[in-house]
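Asks: The following block contains the structure, expressed as structure tokens.
What follows is calculated from the coordinates using simple rules that are stated; it is not laboratory data. Fair warning: this is a prediction, and the values are worked out from it, not measured in the lab. A quick note on method: Cβ atoms are made from the backbone with ideal geometry, for glycine too, and the neighbour counts reach across all protein chains shown.
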Amino acid sequence: MFATPAMARKHTKQRPQVGRLGKHLTRRSRGRCELCDRRDGVRPYELWPFPEDPDPERTLMACTRCRRWLEAQEIDPIEAHFLAAAIWSELSAVRLAAARLLLASDGLDDPWLRDALESADVDPGTGEFRSPDP
Ligand SMILES: [Zn+2]
């Protein structure tokens, strides 16, 4: 069993600089949450650890619900099945966000969660991918 990354709880506060990526990300996401495709409250969300300058490879557009989950490191497994698809996104920020949400949910007794998490290949200690981008 994996544990929730200890770092996860400390590094969720967003910073204003991320607004610089707004235009680029809006174009990339077409105004939809890049995790679940919803449209409500979509805003950039930076993944820790933050680089000096906001990086689109470490930032995704996320809806109100997905941002809340990322901040709380908690998901609702009933609603979260879209993560099984997001884990295969071509965008590394989306893959990583999905993987971290799945990590955070580990311990919940849901076979699809465990399968998705296993295919994610994320190091639970660091919250980063074990292998570089495919
Ligand atoms: Zn979403």
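Asks: If I take the Cα coordinates of segment 48-110 and project them onto the principal axes, what are the three extents in Å, biggest first?
Replies: Principal-axis extents of segment 48-110 (Cα, largest first): 38, 23, 20 Å.
Asks: In debye to the nearest 20, how big a dipole does segment 6-129 give about its Cα centre with +1 on each Lys and Arg Cβ and -1 on each Asp and Glu Cβ? Display every interim value, and only then the final one.
Replies: Details: 20 positive and 21 negative charges, 180 e Å.
The calculated dipole for segment 6-129 is roughly 860 debye.
Asks: With each label point set 7 Å from Cα along the Cα-Cβ vector, what nm distance links Ser131 and Asp55?
Replies: Here the modelled spin labels are 2.1 nm apart.
Asks: Something else now. Can you give the Rg to Rh ratio for segment 6-129, taking only C-alpha atoms and Rh from Kirkwood? Provide the component values of the computation, followed by the final result.
Replies: Working: Rg = 13.4 Å, Rh = 14.3 Å.
Result: Rg/Rh = 0.93.
Asks: Now a separate question. If you line up the long axis of helix 111-120 against the longest principal axis of the chain, both from Cα atoms, how many degrees apart are they, to the nearest 10?
Replies: The angle comes out at about 60 degrees.
Asks: Relative contact order for the chain using alpha-carbon pairs under 8 Å, separation at least 6, rounded to a whole percent?
Replies: Result for the chain is 28 percent.
Asks: From the helices alone, meaning DSSP H stretches of at least four residues, give me the mean residue ellipticity at 222 nm for the chain, per-run term -39500 (n - 2.57), in deg cm²/dmol to the nearest 500.
Replies: After summing the helix terms and dividing by residue count, I get -9500 deg cm²/dmol.
Asks: Using the charge dipole of segment 6-129 (Lys, Arg: +1 at Cβ; Asp, Glu: -1 at Cβ; taken about the Cα centre), state which of Ser105, Pro54, Ala72 has its Cα farthest towards the positive end.
Replies: The listed residue farthest towards the positive side: Pro54.
Asks: Right, another one. Taking only Cα atoms, what is the 0 to 90° angle, nearest 10, from helix 92-105's long axis to the longest principal axis of the chain?
Replies: Its long axis makes an angle of about 40 degrees.
Asks: Here's something else I'd like to know. Okay, which of segment 50-65 sit inside 17 Å, backbone N to the point 7 Å along the Cα-Cβ direction of Lys23?
Replies: Backbone N within reach: 54-56.
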